[in-house]
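First the structure, in the form of structure tokens, and then the observations on it.
The values are calculated or read from the model by the stated rules, or taken from the named source; none is laboratory data. Just so it is clear, the model here is predicted, and its values are computed rather than measured. Ideal geometry is used to build each Cβ from the backbone, glycine not excepted, and the neighbour counts take in all protein chains shown. Accessible surface is based on the protein model in full, side chains and every heavy atom, while ligands, DNA and RNA are left aside. Shrake-Rupley method; radii C 1.70, N 1.55, O 1.52, S 1.80 Å.
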Amino acid sequence: MGDNSPELYGWPLVAAANALETLPFVAQKIAADGGLMKLREYNDINELPTTLAIPEDYILNMDASASIQAEKLALASDTRSRSQTHLSFWDYHEAYLEKKTTPKEVAEKLIQALHEHSGYHWMRAFDKEAILRQAEESTARYEKQQPLSQLDGVFIPVKEELDVEGFETRFGTSFINKGKSAKKNATLVQRLRDAGAIILGHAVMNELGWDTFTINPVTGVPANPYHEASSCGGSSGGSAGMVAANLAPVAIGCDGGGSIRIPAAFCGLYGLKTTTGRVSSTGGMPVDPTLSVSGPLAATADDMALTYAIMAGVDTSEPRTRYQPAVSLQDYTLTHTLEGVTIATCAEWNNCVAEPAVLERMNDFVAYFKSLGAKVIEIEIPDLQIVNIAHSITICSEMYNFASRFPEHRREFCAHTRIMSAVSQCLDARDYVRAQQVRTRYMDILLNLFDAQHVDLILSPATAIVAPEIPRKAHAYGMNHTRLTVQAMRYTQFANLTGIPACSIPAGIHNGKPVGIQLMAKWWNEALLCRMAKVCELAPDVERTKPALCFSGLV
């Protein structure tokens, strides 16, 4: 949908949804005006279509022995993250080891805080008894001095599109899985539980994840802890809000078009979008299966890196995970130098920010990287606008495919979802196939950059804007504000379409709101992104402020 679409709120938004469902020619025009049919003009796209965004050479040349699940990784305390604004897993873990408190005592405080501050709409569902049961088990392990990992006793909320045993996986809707609790945990959730983490329950998300601001009339709109009237980002907005408010050091999100990185940028967090197939998708439903991955949103680089290392790895029930090399945090603490690291920037792309302060903060980090010995080069990526078109076609097609499974509930979707479904219904097979051909083209471009030109990282803003203020009139029925959506997603879609890992990193504050930068690496090189997050965490002269909504006293 194009930048010039009108802003819609309240009853006009509902009326627009009704009109588009009954007047297909109007939906057709909106789809065309929004660029969703633009690829039909590109008759020179001849590549084979790709739906598995992992390069064929990486699959064919993989050492099978390397895919064996690595032993649980632990981080060294002498290089630990030290945040002046938020608790990290270190604060919980060390408080338990030193017997200053117990997971059960912290759980009781946290449950009280969740009840008292439910009006901020970060959590959709949590179970007091389940939290206390997990906390008691963790307390017993610490009493025996046998924690399962450094995450033992750490509280983690999970985005509502992943199965958590005993909870209904509603995907932000009012009706999906209503009355049908999950019988088992998603693979990544179970891995966190096996590491001793205490799963809080489900965090609020956009309905189906189909926008970037988590404006959800069904669940309430999560408040941004830095500016209560502004968006937490989306679609993993509740996850971001919980971490930014200091109620959890890490949360789990899913990212099909920026849904981890955008909330991370808006809330001053670290957010890792993993490589396609790096983290198992077993235990959820395929809303946008060729694009979406799961990853952590975290208060510190250490929280992000450790949680990623525990979540990731081969899952025999998920075929895509079997192509990956072993999970690693190689050189994670090598932060004093970036000698030998080549970082590419694309000026034409990066200059498309709507908020100049975002580019200023990014350029501050360019200077910092150079001071550490990194080689920073300028590159050109041709016709980047068709990447975002191809991604939009892909995500709209796949989400509409999912939404169309519930025809009897069509009118129960929120108005924004109904509008997006009506517009997406206008796409046909040639749009989707050409979008996958574009995916192939840009994966080949990236292969040349990473493997032939020896580029290690691509640097961009995380978003073109800072967190926008959400008017109260959007809370009751939702919002359709395409210009803001396009600006939020401008730099995130590329990594989803091509499957590469990407990380949003806090880069300072502008007018009281966080700013984020983004680094992208080649497939499977999450280790370098985690290292760079650690490097950035140590950067001097980066403004880091405590949010207005920041809870203390848990530990």
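Listed peptides 236-248, 342-354 appear in the order 236-248, 342-354 once ranked by packing, highest mean of other Cβ atoms within 10 Å at the front.
Evaluating kT/(6 pi eta Rh) at 10 °C and 1.306 mPa s, with the Kirkwood radius of region 416-489 over Cα pairs in the Stokes-Einstein relation, gives 98 µm² s⁻¹.
What separates the Cα centres of region 268-292 and region 355-391 is a distance of 24 Å. Each residue of region 306-317 was assigned a 3J(HN,Hα) from its phi angle through the Karplus expression (A = 6.51, B = -1.76, C = 1.60, θ = phi - 60°), giving 5, 5, 4, 4, 6, 6, 7, x, 5, 10, 4, 7 Hz with x at Gly and Pro. A simple rule links phi to the HN-Hα coupling: the Karplus curve 6.51 cos²θ - 1.76 cosθ + 1.60 with θ = phi - 60°, which for region 498-507 gives 8, x, 6, x, 8, 9, 8, 10, x, 10 Hz, with x for Gly and Pro.
Between R124 and H202, A203, V204, the built amide H atoms are under 5 Å apart, and every one of these is 5 or more places off in sequence or on another chain. For P(r) over Cα pairs in 20 Å bins from 0, in percent, the candidate list reads (i) 22, 57, 20, 1; (ii) 19, 49, 27, 5, 0; (iii) 23, 60, 17, 0; the entry that matches the value derived from this model is (iii). Per atom type, region 347-401 shows carbon and sulfur on 49% of its accessible surface, probed at 1.4 Å. Accessible surface area normalised per residue over the chain is 37 Å², counting heavy atoms of protein chains with a 1.4 Å rolling probe. For the chain, the 222 nm mean residue ellipticity estimated from helices alone, with every DSSP H stretch of n ≥ 4 adding -39500 (n - 2.57) and the total spread over all residues, rounds to -11000 deg cm²/dmol. Farthest toward the dipole's positive end in region 88-190, which of V106, A186, I131, given Cβ charges of +1 (Lys, Arg) and -1 (Asp, Glu) about the Cα centre? Value: A186.
For V293, nonlocal amide neighbours, meaning residues 5 or more places apart or on other chains whose placed amide H falls under 5 Å from its own, are D255, G256. From most to least packed by mean Cβ count within 10 Å, the peptides 479-492, 81-94 give 479-492, 81-94. The charge dipole of region 445-555, taken about the Cα centre with unit charges on the Cβ atoms of Lys, Arg (+1) and Asp, Glu (-1), comes to about 440 debye, rounded to the nearest 20. Note that region 500-540 shows a convex hull volume over its alpha carbon atoms of 53 Å³ per residue. Within the same chain, lysines fewer than 8 places from K522 are excluded, and of the rest, those with a Cα less than 22 Å from its Cα are K273, K370, K375, K534. Scaling the Cα radius of gyration of region 71-195 by the globular reference 2.2 N^0.38 Å produces a ratio of 1.15.
Debye calculation, C-alpha points only, no solvent: report log10 I(q)/I(0) for region 382-507 at q = 0.10, 0.14, 0.15 Å⁻¹, in the same order as the q values. Taking Cα atoms of region 382-507 as identical point scatterers yields -0.42, -0.78, -0.87. Peptide packing: for 49-61, 288-300, the average count of neighbouring Cβ atoms within 10 Å per residue gives the ranking 288-300, 49-61, highest mean first.
Of all beta bridges DSSP finds with both residues in the chain, what is the antiparallel percent, to the nearest 5? Bridges in the chain that DSSP calls antiparallel: roughly 70 percent. Across region 487-547, Cα pairs under 8 Å and at least six residues apart give a relative contact order of 30 percent. Each principal axis of the Cα cloud of region 195-335 was evaluated for its coordinate range; sorted largest first, these ranges are 43, 36, 26 Å.
Working from Cα pairs under 8 Å separated by at least six residues, relative contact order for the chain is 23 percent.
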